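A.B. asks: My structure is below; once you've seen it, I'll send some questions.
The values are calculated or read from the model by the stated rules, or taken from the named source; none is laboratory data. Here the structure is a predicted model, which is why all the values come from computation and not from measurement. Note that each Cβ is placed from the backbone with ideal geometry, even for glycine, and that neighbours are counted across all protein chains shown. These area figures cover heavy atoms from the full protein model, side chains too; ligands, DNA and RNA do not enter into them. Shrake-Rupley method; radii C 1.70, N 1.55, O 1.52, S 1.80 Å.
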Amino acid sequence: LAGLWTVFTLGGVGSKPTPQLEQCSPLANQSLLLLLIFYYYFFISDNTAFSSSNPHAFQINFNSLYTALCEQQKSDQATLLLYMLLHQNGNVRTYVLARTDIENLV
């Protein structure tokens, strides 16, 4: 996983989270890193055992997610999560494109 992260940060040149960001919300930072690890683990491995016949087994509030991503766009981890969600999840992509305040994200 470290090699994969190096590829995404252009050989380690990417910005590191500021100590202020990590101190103000260490649980949020660790949760974001855990989401990224889960995503790559299930994306790389065969996840057919985890597929559900119920398409509504997991629900998320897109408004809260969008707000959190807008507030954290200075970190590489949040930007990477946004990138993955926009490219891999059509529902998130549709929601973001329908927002009238997309300049907050950009």
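A.B. asks: Cβ contacts < 8 Å: first residue in contact (Cβ under 8 Å) with a residue 60 or more places away in the chain, restricted to the range 77-99; second residue open to solvent by less than 50 Å² (accessible area, probe 1.4 Å), any location; separation 6+ or different chain. Result?
C.D. replies: Pairs found: Q77/P17; Q77/N29; Q77/L32; Q77/L36; L80/L36.
A.B. asks: If you don't mind, another one. Residues that are farther than 20 Å from V106 by Cα and at pLDDT below 55: which helices (runs of 4 or more DSSP H) entirely in the range 1-95 hold 3 or more of them?
C.D. replies: 2-8, 19-24
A.B. asks: Restricting the search to the range 62-95, which residues are open to solvent by 50 Å² or more (accessible area, probe 1.4 Å), under 22 Å from Q30 (Cβ atoms) and aromatic (F, W, Y)?
C.D. replies: Once the filter is applied, which keeps residues that are open to solvent by 50 Å² or more (accessible area, probe 1.4 Å), under 22 Å from Q30 (Cβ atoms) and aromatic (F, W, Y), the range 62-95 yields only Y83.
A.B. asks: Related question: When the range 96-106 is examined, which residues are found to be open to solvent by less than 100 Å² (accessible area, probe 1.4 Å) and in a helix (DSSP H, G or I)?
C.D. replies: Within the range 96-106, V96, A98, I102, N104 qualify.
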